[in-house]
Structure formats: C-alpha cells, structure tokens
Amino acid sequence: MSYDSASAQVDASLKLTGLDYIDLMLLHAPYGGSEARNGAWKALVEAQEKGKVRSIGVSNYGVAHLDELEAYIKTLEKERGGEGKGGKIDVGQWEVHPWLPRRDIVDWCEKRGVVVEAYCPIVRGKKMDDPVLLPLIKKHGKTGAQVLIRWSLQKGFVPLPKSETPSRIVENAGVYDFELDPEDMKALELDIYEPCAWDPTVAALDQ
Ligand SMILES: NC(=O)c1ccc[n+]([C@@H]2O[C@H](COP(=O)([O-])OP(=O)(O)OC[C@H]3O[C@@H](n4cnc5c(N)ncnc54)[C@H](OP(=O)(O)O)[C@@H]3O)[C@@H](O)[C@H]2O)c1
C-alpha cells in the first residue's frame with residue numbers, strides 16, 4: 001500500500017493481461033497506515049484519469065477507513081483543483097452474507113451510492129445445513145447456494161460466488177426464476193458476526 005506500488009501495480013496488471021484498460025481496480029485491504037492508504041488512492045485516481053482504469057474502489061475497509069478516505073478525497077480535490085479531482089469510490093468489496101451482514105458498512109455505502117460487492121456470498125458452502133436456511137430451501141425448491149445468492153441480489157449487492165465445478169457454476173446462475181418473500185428476507189436478518197474469511201475492517205487506522 002503506497003502511491004508508488006499502486007501506480008506500478010496498475011501498469012503491471014495492464015502489461016500482464018495485455019488489456020488496454022482495466023474495468024475495476026480495488027485496494028485489497030486497509031493495512032499500511034493513513035499515508036500508505038491515501039497514496040494508493042491517489043494512484044488509482046490518476047490511473048482512472050489516464051484511462052488505464054474505468055472504476056476504482058476499496059475492499060475490506062471498515063467505516064473508520066472509509067471516513068478517512070472520504071476526508072482525503074476532499075483534501076485531494078482542493079489540492080488538485082476542484083470537484084471530482086479527488087476521485088469517487090465506485091465500488092467496495094466485503095465479505096457479506098446473513099451471518100456477516102455488515103450493516104454499518106452497507107449503510108455507509110448506500111448513503112453515498114457506492115456499489116457493494118459481496119464476497120463469500122455462499123459462506124464457502126459451510127451453512128448449507130443451517131436451520132435458518134433449510135426451510136427456505138424447502139419452500140422454494142432451490143439449493144442453499146441459490147437462496148443465499150438470491151438474498152444477496154435482493155439486498156442490492158453484487159454477489160461474487162466462486163466455483164471450480166461446472167455444475168455448480170450453472171447452479172449458482174439459476175437465481176432469476178424465483179424471489180424470496182419479505183418474510184424470507186426477514187428470516188435471514190441475523191444479528192451474527194461470523195466471518196468465514198479474514199476481517200481487515202476491524203484493523204486500527206495505524207495498523
Ligand atoms: N477481497 C477479499 O479480501 C476477498 C476475500 C475472499 C474472497 N474473495 C473473492 O470472493 C469470491 C468468492 O469467495 P470464496 O470463494 O472465498 O467464497 P464462496 O464463493 O462463498 O464459496 C466458494 C466455495 O463454495 C463452494 N461452492 C461453490 N458453489 C457451490 C454450491 N452451489 N454448493 C455448494 N458449494 C459450492 C466452492 O467449491 P468448488 O469451487 O469446489 O465448487 C468453494 O469451495 C472469490 O472469487 C474471491 O476472489 C475476496
């Protein structure tokens with residue numbers, strides 16, 4: 001995380017892929033301290049202005065990191081000569097599913113029009129027998145993965161399920177022929193903090 005390494009990474013990614021531009025580039029995690037985070041952000045803003053990257057954003061930032069970035073965007077605007085010159089957080093990516101709803105972060109994003117990408121939307125397959133999920137699987141005649149991906153879509157997120165299994169890839173795409181009812185969505189409103197990956201959102205600002 002620094003201005004130099006983020007600038008270099010954009011160019012390295014273009015070279016590696018052979019693409020003319022990258023659709024979306026995210027800062028993976030907030031570790032490194034304020035100066036490093038701000039510098040990396042500035043590098044993404046410049047890359048976007050040069051047309052190397054279309055959209056920019058962050059991943060695994062907690063609300064404190066997001067607030068810090070929002071303040072830095074205002075500073076950068078002043079430094080670089082006006083509105084928009086500090087960049088805009090187009091997309092944020094977090095582990096989000098019913099067992100990790102991240103209401104504070106989602107609320108922050110919704111108020112500012114930041115698109116939320118939800119990683120581990122099917123909880124790495126670990127909740128398929130959960131008593132909260134089983135009645136919904138039965139009611140809709142869909143699999144647990146399909147119910148969870150549908151939940152994510154209906155919350156307004158962009159779910160990012162991953163599978164190396166062709167039949168599961170097809171299964172995970174079969175989510176547009178049913179809808180969860182309001183009471184189903186309510187049943188999946190859990191007050192649980194259970195990450196299945198890592199959780200850098202809780203890192204201190206100087207970490
Ligand atoms: N920004 C970050 O820090 C971060 C962190 C973690 C993940 N991610 C990204 O988020 C994406 C998804 O995350 P993830 O792979 O950790 O979690 P996930 O999508 O919730 O779960 C993937 C796991 O579930 C299995 N699976 C897939 N479809 C299934 C189905 N229909 N039924 C049962 N099991 C199924 C997969 O097995 P098979 O592959 O064997 O089918 C794999 O083991 C990845 O592309 C990853 O790059 C980002």
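The values are calculated or read from the model by the stated rules, or taken from the named source; none is laboratory data. Computed from a predicted model, the values in this text were never measured in an experiment. Glycine gets a Cβ as well: all are built from the backbone with ideal geometry, and neighbour counts include every protein chain shown. Surface accessibility is based on the protein's heavy atoms, side chains included, excluding ligands, DNA and RNA. Shrake-Rupley method; radii C 1.70, N 1.55, O 1.52, S 1.80 Å.
Assorted remarks:
- Some residue of the stretch 67-74 being within 16 Å of the ligand (Cβ to nearest atom), open to solvent by less than 60 Å² (accessible area, probe 1.4 Å) and touching a Ser or Thr at 6+ places or on another chain (Cβ under 7 Å): no
- Of all residues in the stretch 16-27, one or more are among the charged types (D, E, K, R), under 24 Å from LYS162 (Cβ atoms) and open to solvent by 20 Å² or more (accessible area, probe 1.4 Å).
- Residues satisfying the stated conditions in the stretch 195-206, i.e. open to solvent by 40 Å² or more (accessible area, probe 1.4 Å) and of a type in the set (Asp, Glu): ASP206
- Selection within the stretch 152-179 - in contact (Cβ under 8 Å) with a residue 12 or more places away in the chain, within 24 Å of GLY92 (Cα to Cα) and in contact with a helix residue (DSSP H, G or I) (Cβ under 7 Å, 6 or more places away or on another chain): GLN154, PRO159, PRO161, ASN172, VAL175
- Of all residues assigned to the stretch 82-90, at least one qualifies as being open to solvent by less than 40 Å² (accessible area, probe 1.4 Å) and within 16 Å of the ligand (Cβ to nearest atom).
Here's the yes/no breakdown for (1) open to solvent by less than 60 Å² (accessible area, probe 1.4 Å); (2) touching a strand residue (DSSP E or B) at 6+ places or on another chain (Cβ under 7 Å); (3) within 15 Å of the ligand (Cβ to nearest atom); (4) in a helix (DSSP H, G or I):
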position	(1), (2), (3), (4)
VAL106	yes, yes, no, yes
PRO135	no, no, no, yes
LYS142	yes, no, yes, no
ARG168	no, no, yes, yes
VAL175	yes, no, yes, no
GLU179	no, no, no, no
ASP184	yes, no, no, yes
GLU189	no, no, no, no
TYR193	no, yes, no, no
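- Taken together, the residues in the stretch 37-66 that are surrounded by fewer than 18 Cβ atoms within 10 Å (Cβ to Cβ) and of a type in the set (Gly, Ala, Ser) amount to 3.
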